[in-house]
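To start, the structure itself, in structure tokens.
The values are calculated or read from the model by the stated rules, or taken from the named source; none is laboratory data. None of these values were measured; they are calculated from a predicted model. Cβ placement follows ideal geometry from the backbone for every residue including glycine, while neighbour counts extend to all protein chains displayed. Ligands, DNA and RNA are excluded from the accessible area calculation, which covers all protein heavy atoms including side chains. Shrake-Rupley method; radii C 1.70, N 1.55, O 1.52, S 1.80 Å.
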Amino acid sequence: MIATLVHLAVFLLLPPLLLGVINKTKAAFGGRVGQPYLQPYADLIKLWRKGSVFSTSTTWVFKAGPVVAVTTAVLAGLLVPVAGHAPLSFEGDVILFAYLFALGRFFTIAAALDTGSAFEGMGAAREATFSALAEPALFFGLLVLGRISRSLSLETMLAGGHWPPRAAASLVLVVAALFIVLLAENSRIPFDDPNTHLELTMIHEVMVLDHGGPAFGAVLYGASLKLFVLSALLVGIALPDLGPNPLIAWGAVVTALLAVAVAIGVVESAMARLRLVHVPSLLVAACLLSAFGIVLLAR
Amino acid sequence: AGAALAFRVRRAGAAPTWDCGYAAPTARMQYTSSSFAQMLVGMFAFALRPEEHAPGVAGAFPAPAAYHGSVPDVVLDRIVAPALRAAGRAFESLRFIQRGDVQAYLTYILLTLVLFLVWT
């Protein structure tokens, strides 16, 4: 019970801090002081207090997009075990986990197409294409975990880091592939530039171009929740057994999540966005990494 | 009171979709389903085999040109239907068996019975 409450508190309150850490890392690389760490919280509060303007060509689908995005991110977060315990887990929940993201993505794409603008349509087409290529990488990685732990429940898969030594090589490949999937799913460089709404970098930022006010705040919050969930998955694979002390376990997990945020900031500062025609190559490379992880396990 | 203030119902305004200042869009400039699928179709063109007719423009004063593209169903239109047509043509040559008069069919039954008697 206490573990569930702590999980919910951290899950609902920490994600904007990850965005703040990413921005601070990028500022440090640029020799600037940068935004405060808590700036995303201030942004969310500011957006919540604004009014909304809805386009005359949109319907309920447009209003449902941000709602479904946040809801699916919250539900996926309930399925991911953080510090060894997930509030909600059952056999086969890894499939629900992957398809909650797909549901959120579907409604975001539908809301983007609902506006009738060519900008949002183009971003929606690119998002659909890149997600179609990134999903096999995610599934192959989850398959490796399922093969090692012989179960289809996320809590059993990531239970306390009891990895057999023969699986170490596969897990290294899976961590690399899942990091690329994390960058793709959360629209980070090298797939998308989260700072701009320009035609050059139009994938996720342009799909939400017509949202404003609380809806846009929901979109930002949902994006940060998604970042948290995928980072928690990555951290669950990478960290060893943390021991029974909950303070140490939670402290280690939060530190590891912030380290993942710093790593994302480093990647964003060190490289530019890939040319659009080269993005599928990187996603297929992630698929191949996870597929090799399965091949290494097949004995 | 704080919750009521935070979740109060606010009137929402209405405005046209932002079109980047372009004053006169037409229906021909819209983003259709073909546009939506164009990236994926291009990526998997080796499997989907789209058909495109793009005569292109040539010369200093080119004639009006039109582009037409379609993605026929790979399995149905390119594999199953031609295979069934070829099978139909092959079996045409056996049409002569269906003569229409009862004596021929009785002869077929007699021949089949003789065949089974000899065989077993």
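Structural remarks
- Here the sum of -39500 (n - 2.57) over DSSP H runs of 4 or more residues, divided by the residues of chain A, equals -23000 deg cm²/dmol at 222 nm, to the nearest 500.
- With the convex hull drawn around the C-alpha atoms of segment A:187-299, the volume per residue stands at 142 Å³.
- Take every Cα pair under 8 Å whose residues are at least 6 apart in sequence, average their separation, divide by the length of chain B, and the relative contact order is 14 percent.
- The alpha carbon convex hull volume per residue for segment A:126-210 rounds to 115 Å³.
- Listed by number, the DSSP H helices of chain A that run 15 Å or longer by alpha-carbon position along their axis and have mean Kyte hydropathy of at least 1.6 are A:2-13, A:60-79, A:168-185, A:214-238, A:246-270, A:279-297.
- Formal net charge of residues neighbouring residue A:204 (Cβ-Cβ distance under 13 Å; K, R +1; D, E -1): -1
- Rg/Rh ratio calculated on Cα atoms of the protein assembly as shown (Kirkwood radius): 1.13
- Ranked packing of A:87-98, B:75-86, most packed first, by mean Cβ within 10 Å: A:87-98, B:75-86
- Taking Cα centre as origin and charging only the Cβ of basic (Lys, Arg, +1) and acidic (Asp, Glu, -1) residues, the dipole magnitude of chain A rounds to 400 debye.
- A convex hull fitted to the Cα coordinates of segment A:1-114 yields 162 cubic angstrom per residue.
- Residue ranges A:53-61, A:131-139, A:233-241, A:176-184 sort as A:176-184, A:131-139, A:233-241, A:53-61 when ordered by packing (mean number of other C-beta atoms within 10 Å per residue, highest first).
- Chain pair B, A: total accessible area buried, heavy atoms, 1.4 Å probe, Å²: 1800 Å²
- The amide H of residue A:53, built 1.01 Å from its N in the peptide plane, has A:212, B:13 as neighbours under 5 Å, considering only residues 5 or more places off or on other chains.
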